[in-house]
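One structure is given here, and the rest of the page talks about it.
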Amino acid sequence: MSADAHQPVLLNEAVDALAIGEAARANGVYVDATFGRGGHARLILDRLGPHGRLIALDRDASAVAAGRLITDPRFAIVHARFSELEETIRAQGIAAVAGVLIDLGVSSPQLDDPERGFSFRCDAPLDMRMDQTRGVTAAEWLARASEAEIREVVRRHGEERFAKQIAKAIVAARERGPVTRTRQLADVVGAAVRTREPGKDPATRTFQALRIHVNQELEELSLVLPQAMSILTPEGRLVVISFHSLEDRIVKNFIRANARPGEAPERLPLRAAELPPPRLRSLGRPLRPSAGEIAANPRARSAVLRVAEKLG
Ligand SMILES: C[S@@+](CC[C@H](N)C(=O)[O-])C[C@H]1O[C@@H](n2cnc3c(N)ncnc32)[C@H](O)[C@@H]1O
């Protein structure tokens with residue numbers, strides 16, 4: 001695989017879940033909210049009919065540049081965050097779509113390009129922004145966050161037991177000089193974490209936490225799900241691939257909450273049958289990659305795919 005490639009996770013399963021081949025759906029409009037390097041997008045295009053369309057989004061300018069190389073007239077890509085999904089789709093003159101795919105997390109080119117600062121495996125500036133055209137880098141945030149804020153982010157987004165010790169060590173390190181490099185941070189964390197998880201660098205959880213925080217990943221996810229619902233046609237499909245339990249919990253709870261009848265307006269005595277009907281139907285059980293896929297692509301190992309259908 002070239003350095004600029006991304007091996008798509010649950011490729012067939014995710015695109016099958018969009019049910020593009022069924023009846024008139026092949027000529028519908030689909031959204032790939034996380035283009036990356038277009039593994040899923042290309043398979044969607046293969047399955048689309050001549051009048052179908054695929055609108056892709058990515059917040060990363062290098063992903064958008066890769067997308068612009070696709071010359072298929074049924075395809076368009078927009079540099080946007082998926083929290084801007086609804087306005088992005090409406091700006092294309094589209095009222096409703098037949099399916100939305102969201103493949104969360106970072107792409108391999110983001111992880112593997114040392115200059116992006118996502119990985120502690122090579123020494124690089126501590127950036128971690130998926131969209132390098134705006135926002136605050138991890139180094140800038142670490143320079144001005146309080147010890148309590150650092151502890152909370154590392155604990156919550158990294159599910160890290162040693163968050164307190166790590167935050168303390170970072171604050172002590174920055175008093176000696178700014179923490180601006182990935183290796184420097186990994187060394188500070190490594191020295192602060194006393195026990196080792198087998199097969200895991202002690203800095204893994206802290207790097208995950210900072211990445212989630214810098215990119216506001218959980219807020220983005222909470223914002224995109226209701227927008228996806230609002231642009232889907234009845235029978236439209238919502239397909240989400242998550243890579244850790246914090247993301248999957250948000251997706252699971254969203255689908256669950258919308259698969260139940262709505263709340264009765266306060267003080268109105270309504271029978272169960274009179275409650276607002278559910279807006280979504282959860283389809284099947286959450287799907288995980290096969291052992292074969294994980295062996296071929298270890299980055300797939302924590303993936304979970306959930307699918308829901310919008311009700312009429
Ligand atoms: C796992 S990769 C997607 C890979 C893609 N499905 C493929 O087959 O190549 C995730 C992509 O989503 C983008 N992304 C993550 N969060 C985003 C957000 N809130 N808005 C837009 N794009 C986002 C990242 O920049 C990255 O390119």
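Values quoted throughout were computed directly from the atomic coordinates according to the rules given, and no laboratory measurement underlies them. These numbers come from a predicted model, not from an experiment. Using ideal geometry, Cβ is built from the backbone for each residue, glycine included, and neighbour counts are taken over all protein chains shown.
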### Task
Rounded to whole Hz and in sequence order, give me ³J(HN,Hα) for region 11-25 from the Karplus expression 6.51 cos²θ - 1.76 cosθ + 1.60, θ = phi - 60°, writing x for Gly and Pro.
4, 5, 4, 5, 6, 4, 5, 6, 6, 5, x, 7, 6, 7, 5
### Query
Using a cut-off of 16 Å between alpha-carbon atoms, which aspartates and glutamates can reach Lys200, once sequence neighbours fewer than 8 places away in the same chain are excluded?
Glu159, Glu160, Asp187
### Query
Can you pull the three principal axis extents for the Cα set of region 1-90, in Å, largest first?
37, 33, 23
### Query
By its C-alpha gyration tensor, with a ≥ b ≥ c as the square roots of the eigenvalues, how is region 62-137 shaped: rounded for a/c under 1.5, else prolate for a/b larger than b/c, else oblate?
prolate
### Task
Between Ala296, Ala80, Ala167, find the one with the highest GNM mean-square fluctuation for the chain; connect C-alpha pairs within less than 10 Å.
Ala296
### Message
Cβ neighbours within 10 Å, averaged per peptide: list 140-150, 27-37 in order, most packed at the top.
### Response
27-37, 140-150
### Task
Work out Dmax and Rg for region 261-312 from the C-alpha atoms and quote the Rg first, both in angstrom.
18.9, 57
### Query
What ranking do Thr88, Thr133 get, fewest neighbouring Cβ atoms within 10 angstrom at the top?
Thr133, Thr88
### Message
In whole Hz and in residue order, list the ³J(HN,Hα) couplings for region 175-192 that follow from phi through the Karplus curve 6.51 cos²θ - 1.76 cosθ + 1.60, θ = phi - 60°; x for Gly and Pro.
### Response
6, 7, x, x, 8, 10, 10, 4, 5, 4, 5, 4, 5, 4, 5, x, 6, 8
#### Entry: Expected 222 nm ellipticity per residue - DSSP helices of 4 or more, -39500 (n - 2.57), all of the chain, to 500
-11500 deg cm²/dmol
### Query
Which residue fluctuates the most in the chain, going by a Gaussian network model with Cα springs under 10 Å, if the choices are His51, His79, His157?
His51
### Query
Counting Lys and Arg as +1 and Asp and Glu as -1, what is the net charge of the other residues whose Cβ lies under 12 Å from the Cβ of Gln216?
+1
### Task
On a C-alpha basis, how far is the centre of region 39-117 from the centre of region 235-301 in Å? Whole number, if you could?
22
### Query
So what's region 204-305 giving for Cα Rg divided by 2.2 N^0.38 Å, two decimals?
1.36
### Message
With an 8 Å Cα cut-off and a minimum separation of 6 or more residues, compute the relative contact order for the chain in percent.
### Response
18
### Summary
Note on region 131-177: alpha-carbon gyration tensor, axes a ≥ b ≥ c; rule is a/c under 1.5 for rounded, else prolate if a/b larger than b/c, else oblate; result oblate
### Query
What list do you get for Phe118, Phe207 if you sort them by fewest beta carbons within 10 Å?
Phe207, Phe118
### Message
Once you order the gyration tensor axes a ≥ b ≥ c over the Cα atoms, which shape class does the chain get: rounded for a/c under 1.5, otherwise prolate or oblate by comparing a/b with b/c?
### Response
prolate
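What ranking do Val240, Val304, Val154 get, fewest neighbouring Cβ atoms within 10 angstrom at the top?
Going from sparsest to densest Cβ surroundings: Val304, Val154, Val240.
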### Message
Give me the base-10 log of I(q)/I(0) for region 137-272 at each q in 0.14, 0.18 Å⁻¹, Debye formula, one uniform scatterer per Cα, rounded to two decimals.
### Response
-0.73, -0.98
### Query
What do you get for Rg/Rh over region 42-88 if you use C-alpha atoms and the Kirkwood form of Rh?
0.98
